[in-house]
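Contents: one structure, followed by commentary.
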Amino acid sequence: MGLQIYSAKETDWIEGCKRQDSRAQESLYAHYSGKMYALCCRYVPSKMEAEDVLVVAFTKVFERIDQFKAEGSFEGWLRRIVVNESLTYLRRNKNMYLETEIETVDKNPDFGQLENHLEADDLLRMVGELPSGYRMVFNLYAIDGYSHKEIAEQLEISENTSKSQLSRARVLLKKKLNALEKEVETKKSNGYE
């Protein structure tokens, strides 16, 4: 048996969920739903659709709780189900557009200039504004730590397409960072900083 990476509270919830104890299910949901909803929103652009995906994902968690072998992080196991359900939803609803024209980037952003002005919300907003296919690959690779091979299997694309989508996502993010950098410079020159 592998290393157990979960708390006594999680153990109680997991065991309760295995017995289909509604209080344990409610506690587990209350503890993780906020974090998992944010994860859904990174993949599914509509807040209402993300809520639907979250409900379906938790339903699967409760149905499959016996499959959790306590060999790693329970949250990691839960996250994988939520990501998989988000991708399944997108495939089923044909909201994945994996090809989009890209424009060239003139220069690299000055990250040093942006570090005091760029908030996590700004970065999440920029990622959220990427075309659907780019956003999914970027989230899976850069944020959730999937390999290109895993992404290719999940999205039913080639590894090279996954790599291309990531590259294009980075190009678009650089453009957005460049625009933000110019905005910061303009504000500074106009005396707003």
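The values are calculated or read from the model by the stated rules, or taken from the named source; none is laboratory data. Everything numeric in this text was worked out from a predicted model, so none of it was measured. FYI the Cβ positions are ideal-geometry reconstructions off the backbone, even for glycines, and counts take in every protein chain you see.
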- Considering the range 164-186, residues that are farther than 18 Å from V137 by Cα and among the β-branched types (V, I, T), and then whichever is farthest from the chain's Cα centre (by Cα), we arrive at T186
- Query: within 22 Å of L155 (Cα to Cα) and either of a type in the set (S, T, N, Q) or modelled with pLDDT under 95 (or both): does that describe S73?
  - Reply: no
- Message: Looking at (1) under 22 Å from N93 (Cβ atoms); (2) over 19 Å from the mean Cα position of the chain (by Cα), which one does E156 not meet, given that it meets all the others?
- Response: (2)
- Being crowded, with 17+ Cβ neighbours inside 10 Å and either in contact with a Ser or Thr (Cβ under 7 Å, 6 or more places away or on another chain) or among the hydroxyl-bearing types (S, T, Y) (or both) is the filter here, so list the residues in the range 59-89 that pass it. S86, Y89
- Message: For the range 149-181, give me each residue that is touching a Leu at 6+ places or on another chain (Cβ under 8 Å), part of a helix (DSSP H, G or I) and either touching a residue at least 24 places away in the same chain (Cβ under 8 Å) or surrounded by fewer than 20 Cβ atoms within 10 Å (Cβ to Cβ) (or both).
- Response: E150, Q154, L155, T161, S162, Q165, A169, L172, L173, L177, L180, E181
- What do you reckon, is G112 modelled with pLDDT under 85 and closer than 30 Å to V56 by Cβ? no
